[in-house]
Structures are given as structure tokens and as C-alpha cells.
1. Going by C-beta contacts inside 10 Å, put 49, 94 in order with the fewest on the left.
2. Under a 5 Å amide H to amide H cut-off, with H placed in plane at 1.01 Å, what residues pair with residue 117 once short-range neighbours are removed?
3. Which one of 168, 151, 120 is farthest out on the positive end of the charge dipole of region 62-178, using unit charges on Cβ (Lys, Arg +1; Asp, Glu -1) and the Cα centre as origin?
4. All other residues with a Cβ under 13 Å from the Cβ of residue 30 taken together, and with Lys, Arg as +1 and Asp, Glu as -1, what is their net charge?
5. Please state, to two decimals, what the Cα-based radius of gyration of region 137-197 comes to when divided by 2.2 N^0.38 Å (N = residues).
6. Working out 0.36 nm times the residue gap between residue 114 and residue 177, then minus their Cα-Cα distance, what length gain in nm do you get to one decimal?
7. Working out 0.36 nm times the residue gap between residue 70 and residue 99, then minus their Cα-Cα distance, what length gain in nm do you get to one decimal?
8. Provide the gained length on full extension for the span residue 88 to residue 158, in nm with one decimal, where the gain is 0.36 nm per separating residue minus the Cα-Cα distance.
Amino acid sequence: MDQSKAMEEITFIKKVITDSQQIFVNNGRQYILWSSLAILGILLKYINDLTKISISALWIWIPILFIGWLSTFILKKRFYKELPAKTFVQKIFDGSWTALAVAFPILCLVGFYTHAIQPWAVPSVIATIFGCGYFITGILSDSLWIKLLAVCWWIFAIVMFLIPGEHSVPLLGLMLILFQLIPGILIYVRWKKKTGI
């Protein structure tokens, strides 16, 4: 590889990192949205189980997923209007999280109702997927603390796989607050300060 080609590749990589740091992964609003919806779903399921109402989990999670996808679409439309152009790294980021957003219902709803995935394993599967999303995000934004969040998700996923039980759902709710909602707020505040939008 000649020196000019190597320099071009280094310049390209630096631009990708700079773009991702400036945008900082869709400014945190989607993290806040999805963590809030997931926490709401967990609370509704917990209340449903506690009161013995016996509402199917489908009636809890399908509306939440629909609200989440619709809200994400609206947020993206508004977000891209605020930007001069959609960057390459934003396309990678959107594609990665869209793929993971499709994987969630396939694994957690279809897998659950076909008994391919046991109910006790669903929180562990969710934590594993979140870990993947955060690791990709950490690489794209060249952020060590985002990568460490991925490691935290994976550690808790392993713990929940090894020690399954009723504690898994509340633990997932706590993880969503600590590793999704709070980071989302921090990312959003940082993004607002950088952009002034």
C-alpha cells in the first residue's frame, strides 16, 4: 500500500470519527425514548403479574414497540432537518440499530411465543442485544465509556443467564435506567452544548 493511499484511509477514518462525535449518535434522544418505553413496559408487566389481571404480554409490548418505532421515525425526520447532510457514520449507526431493533421483537416476542426462547432468558437476550448496540456505537464514536457500557450490559446478561429467576425483570429495569436512560440524558445534554440546537 503506497503512502498516499494510507493517508487517504487515515483521513477517511478521522472524518468518520469526527462526524460521529459531532452528531454523537443521534443526540441521545432515542436512548431516552427507548429506555423510557422499555421501563414502562416492564412496570406494566410487573403490575399485570402482581395484580393477576392476566393480560397477554403481547398487549403490553406490541403497542410499546409501535409507539417506539413511530416516535423514532418522527425523531429521525426532525433530527435530519437540523443537519446539513446525513453522514456516512450516521448511516452505519442507523443501519446497525435498525437491525438490532428488528432483532428485539423476533427474539423476544416470536422466540418467546414459539417457546424457542424460555421466558426467563428474555431479559438476558435483551441485555445481550443492547451490549452489541453499545459496542458498535462506542467504536463509531471512538468512545471508551460507551464501550464500557456495552461490557456492563454483557456482564449482566451473563449473570442473568447463570442465575435466572424473578429478579431478572426488575434487574433489567435497573440496567435500563443506569446504562440506557442516564447515558442518553448525558449524551443529549452534551450534544445540545456542542450544537446549540
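Please treat every number below as a calculation from the coordinates, not as lab data. Just so you know, these numbers come straight off a predicted model, no measurement behind them. When we count neighbours, we look across all protein chains shown, and the Cβ atoms used for this are built from the backbone with ideal geometry, even at glycine.
1. 49, 94
2. Result for residue 117 returns 112.
3. 151
4. That works out to +3.
5. So the Cα radius of gyration is 1.36 times the expected 2.2 N^0.38 Å.
6. 19.7 nm
7. 8.8 nm
8. Additional length available on full extension: 21.9 nm.
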